[in-house]
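Everything on this sheet refers to the single structure shown next.
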Amino acid sequence: MLKLLKGIWLVFLHAFTRPVTVQYPEEKPYLPPRWRGRIILSRDPDGEERCVGCYLCSVACPVGCIALQATEDEHGRRYPAWFRINFSRCIFCGYCEEACPTYAIQLTTDFELSEHDRRNLVYEKEHLLISGTGKYPGYNFYRVSGLRIGGKDKGEAEHEAAPTDLRSLMP
Amino acid sequence: MAGIIVDDRPYQVDERENLLQACLSLGFNLPYFCWHPALGSVGACRQCAVKQFRNEHDREGHLVMACMTPAADGTRISIEDPEAKTFRASVIEWMMANHPHDCPVCDEGGECHLQDMTVMTGHAYRRYRFTKRTFRNQDLGPFITHEMNRCIQCYRCVRFYRNYAGGRDFDAFGSRNHVYFGRHEDGALENEFSGNLVEVCPTGVFDDKTLMPHYTRKWDLQTAPSVCTHCSLGCNTIAGERYGTLRRILNRYHSEVNGYFLCDRGRFGYDFVNSEARIRRPKFRPNRDSQAITMDKEMLLRELGPLLADKPSRIIGIGSPRASLEANFALRELVGSERFSLGLSARDAGLSSLILDILRRGPAPSASIHDVEQADAVLVLGEDLINQAPRLALAVRQSVCQQPMQIADKLGIPRWHDAAVREAAHARLGPLFIAAPHSNWFTDVATETYHGAPDDLAALGFAVAHELDQASPTPSILNPAIGSLAKRIAAVLRQAKRPIVISGTACKSETVIQSAANVAWALCKTRTTAKLCYCLPESNSLGLAMLGGKSLEDAFSVVKDGEANTILILENDLYRRADPLPVDAFLKTASKVILLDNLEHDTMSKADMVLPAGTFAESDGTLVNNEGRAQRFYQVFPAEGDVQESWRWIRDLAVASGHPRQSNMAAWHKLDDVVAALADAIPTFQRLTEVAPPEKFRMVGQKIPRQTHRFTGRTAIHAPLTMHEPKPVEDADSPLSFSMEGYLGQPPSPLITHYWTPGWNSVQALNKFQNEVGGPLRQEMPGVQLIESSDKRTVMYFTDVPAPFQARDDGWLILPWYQVFGSEELSARASAMAERIPKPVLMLHPDDAARLRVKSGERAEFALGDRLHRLPVKLGAAVPRGTAALTIVPGFTDTALPTWSPIIRAVES
């Protein structure tokens, strides 16, 4: 009898606790920034595409759902001519983000990727590229290293000496 | 053999090698940079350090450079010694102090020897906190990129470019950590072998510029073993494809043919495959005045079937020296051997069959490129090697190092000790005699050169042969200068152990070819093992000569006489083979002209029906190179749409026509069926089935994959077209698959699709595919030699000695002046070539130009056939008086050459 009353009392108390369930989709749950959701391509602080088309994300991808074609502009800056992720195959493992040497490819907190037609899950560059820097605000690969591009000459990257003067006779 | 002890285990190695070679041959992973199997050791990079011990009691030991230490008997070394390992890691760390962190934007990334070696030594974090040295780059032309920041100063590039390939416009500049490798100023690298820098450079200083517009990492390329189609030498290549376009060509090692190197025509001439001018859909012109309309394959075959079935004897087939043996044979089967034309003028066909005849009936066997490298005396008679067979010119350059090598041998200097051997040899060069109508930079290494008209070159050959063997005929009138030169050449050739005579079709002269045969045969009589090497114009010229058929002129007369009215042309532009007027008449008279080809050209615009044929990258087949070696090339990627192999088109035509004679052709389902039929039909090709493993060949029950095990994007590439991930296309013709699945080990040599072993991602992985570094590949199948030289010692010399060349008052003998970039039909259509193709000129001797009162750069008028041409004049002191040299570049063909024509100074309006 006592046990029964104890049970009723417990249930009664639970009526006043905060519910665990969230009223999704009206209410969005908190997701940590490192959540591995929909993949985006970010831009560097100067607003240029971060992706240099190195193919490391595609080779890291265990399901082979990333395909791209690298190209370069007239000043030698490399970028992907096209970039495709097939989200119907993606397993959101985050290896692509880990492999990316320029912080271009990032996984976001967006997980709402349901579609009626699988074809709509094939994202091209225009769907992937965002206008901000994503999780890594300051980084710009070409300032640290890389080739000479428009706006950055030889010797102007971090830790670089001015170009050697080959005609100098000084020791 | 010498017994050496590596890390307390005994091994047997070749005592002529150095320790680095020995260790690599034994399968050890020992890092290195400056050493290259073809270039030898200089000990510049200090990367291959190992610990050497005096004896088994020596615990201390001392560091030595493996590449500079001979593998002497009893040598005791340790690769795993902690001090040696630390030393090697430190060397890498020093190199990385200035190496930029730009691997993501470096074309070498993923196939970089420096990356591999860095991982191998374990260096991971940069401790050096100061600035990195930078350099400005140079524009090195349309083939090669330059990014000097990446340089690790191993000196391989200079050693290849200057010492090995003889280039002069590239060098090392500066001192200490400012050493710079480049040209004295911006400009295209002049040497014809500059493309090898891409593979020779251990990192990304020099990369393939033609790859950049469609850049792909090595792991993403679908690659297949191929054979170069841009000259007759048959160099082995690896061709790579991605997203349906051909992306690049790499060298494929063959110990007897191309070794480690290719020429730039072969490496950068591939882009015609992706050309806008490719024929990709069947085309049909209902009547001659209307525009061509595209059609699908079934409709076209329905249209063509009855046409061919109607009167099969009224079809003639025109073959091609740039199509595979199988395609030519299929055409010959369709039309019958009596109606099969070689697609060559009688003169050109005659030259090829003369060469075939000489190689078959004489005692001198044909020489491979490797034989030429090893020759200790070479006579080049009338062949323009650097322009017609560039890779052979590179081999001839190595032959002049053979005799000075004996000085090093006498001094006890091992042959791999590159710097010391060069020091010992100093400027001495072995004997090389070049007799050719024109000079170029390459003739500078020759002991003596002689420039003359073809008849005079032949006279020289006959005179040399007569000096060697009195039984051979001699010219009745001989210029004393030629006579004494012949004596000197004969004396040298008689002394040589491995003399080689090189000639070819560049002079388009039968007597030059015959005189070269006389020299080699005369040498064979006097007990030396002389070899003979002929260069032919195209990749399958010799194969076509073996197949045999009528000349183009015969085909013209058959149609003119009304005996045939349908022409089936296989991969051939007739306007490159004969004068335009007879070709026009030929194509106009015939009621139906059917063309099978891959690129648009003048003949195509006259054809009634055009069928899209696959290029070398979209088909399998066999080519016979200049020495008679049959080699298989494999399809790189599945052809798009209706494009298919020429032999498949011809089979489909045979089936559509439904004629009983073609019933056996209906049973040709795969390449092996055609090869078997060819081997059955013609005794010469009996051994053709042994050229490469048959289609049924499997390694551990699996096919050999064309794609690497890291191939990416397989679920994304086709996603916009279909979500249902199509099954990979099956390859019915070969043991290779269009997939990443299959056997990952080393297959027999004709099936190696790419060089990769764990830890070795760069082309240097090749070491792991050889039993002995620099030797043959494991399970090497070097192709089948289809020509057996006669073992008869008594020879029938050619006696048709020409009279000396006489300059005429009323005209000049116009000779073809071939160009490495531009003369060959297919490579001239590659986009990167455009910048390197020279402008057409007419080259004259300064005296002749003075006689005509034209100055260099002024234009002169001359006639070819019945057409007048006007070209700027160039002066060349080496041009024989009374002759003129015409550059063979797009717009000019060698069909009418050599020919006599008056030349006048053009009056500019």
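Here are a few things to note about the model shown:
- Residue selected from region B:701-730 under the condition touching a strand residue (DSSP E or B) at 6+ places or on another chain (Cβ under 6 Å) and away from every other protein chain (no Cβ under 13 Å), by the criterion surrounded by the most Cβ atoms within 10 Å (Cβ to Cβ): B:Arg706
- Lone qualifier among B:Asp371, B:Asp409 - being under 17 Å from the mean Cα position of the chain (by Cα), surrounded by fewer than 20 Cβ atoms within 10 Å (Cβ to Cβ) and at pLDDT 90 or above: B:Asp371
- Some residue of region A:131-139 being within 12 Å of another protein chain (Cβ to nearest Cβ) and either free of Cβ contacts under 8 Å to residues at least 60 places away in the same chain or under 24 Å from the mean Cα position of the chain (by Cα) (or both): no
- Screening A:Phe111, A:Phe92 for residues that are more than 7 Å from every other protein chain (Cβ to nearest Cβ), more than 30 Å from B:Arg242 (Cα to Cα) and under 23 Å from the mean Cα position of the chain (by Cα) leaves exactly one candidate, A:Phe111.
- Flag not set for A:Ala67, criterion: more than 25 Å from B:Pro213 (Cβ to Cβ), in a strand (DSSP E or B), facing chain B (nearest Cβ under 7 Å) and in contact with a strand residue (DSSP E or B) (Cβ under 7 Å, 6 or more places away or on another chain).
- The listed residue being among the small types (Gly, Ala, Ser), within 14 Å of chain A (Cβ to nearest Cβ), more than 16 Å from B:Leu262 (Cβ to Cβ) and touching a residue at least 40 places away in the same chain (Cβ under 8 Å), out of B:Gly174, B:Gly182: B:Gly182
- In region B:126-139, the residues that are under 17 Å from B:Cys106 (Cα atoms) and away from every other protein chain (no Cβ under 11 Å): B:Asp139
- Just one of the numbered conditions (1) at pLDDT 95 or above; (2) closer than 25 Å to B:Leu221 by Cβ; (3) more than 9 Å from every other protein chain (Cβ to nearest Cβ) is not true of A:Ser42: (2).
- The criterion of at least 3 residues that are under 15 Å from B:Gly430 (Cβ atoms) is met by the following helices (runs of 4 or more DSSP H) wholly inside region B:366-414: B:369-374, B:390-399, B:405-411.
- Qualifying positions in region B:227-251 - within 11 Å of the chain's Cα centre (by Cα) and not aliphatic (A, V, I, L, M): B:Cys228, B:Thr229, B:His230, B:Cys231, B:Ser232, B:Gly234, B:Cys235, B:Asn236, B:Thr237, B:Asn251
- Of all residues in region B:734-757, those that are touching a Lys or Arg at 6+ places or on another chain (Cβ under 9 Å), surrounded by fewer than 22 Cβ atoms within 10 Å (Cβ to Cβ) and away from chain A (no Cβ under 14 Å) total 7.
- Taking region B:52-159 and the strands (runs of 3 or more DSSP E) fully enclosed by it, the elements with 2 or more residues that are touching a strand residue (DSSP E or B) at 6+ places or on another chain (Cβ under 6 Å) and closer than 14 Å to B:Phe206 by Cα are at B:144-146.
- Exactly one residue out of B:Asp116, B:Asp107, B:Asp102, B:Asp139 is surrounded by fewer than 17 Cβ atoms within 10 Å (Cβ to Cβ) and among the acidic types (Asp, Glu): that is B:Asp139.
- Selection from region A:49-63 of residues that are out of contact with any strand residue (DSSP E or B) (no Cβ under 6 Å at 6 or more places or on another chain) and assigned to a helix (DSSP H, G or I): A:Leu56, A:Val59, A:Ala60
- Subset of region B:267-293 that is β-branched (Val, Ile, Thr) and surrounded by 13 or more Cβ atoms within 10 Å (Cβ to Cβ) - its residue that is farthest from B:Cys235 (Cα to Cα): B:Ile279
The values are calculated or read from the model by the stated rules, or taken from the named source; none is laboratory data. Nothing here was measured: the structure is a model prediction, and the numbers come from that model. Positions of Cβ are generated from backbone atoms using ideal geometry, with glycine treated the same way; all protein chains shown enter the neighbour counts.
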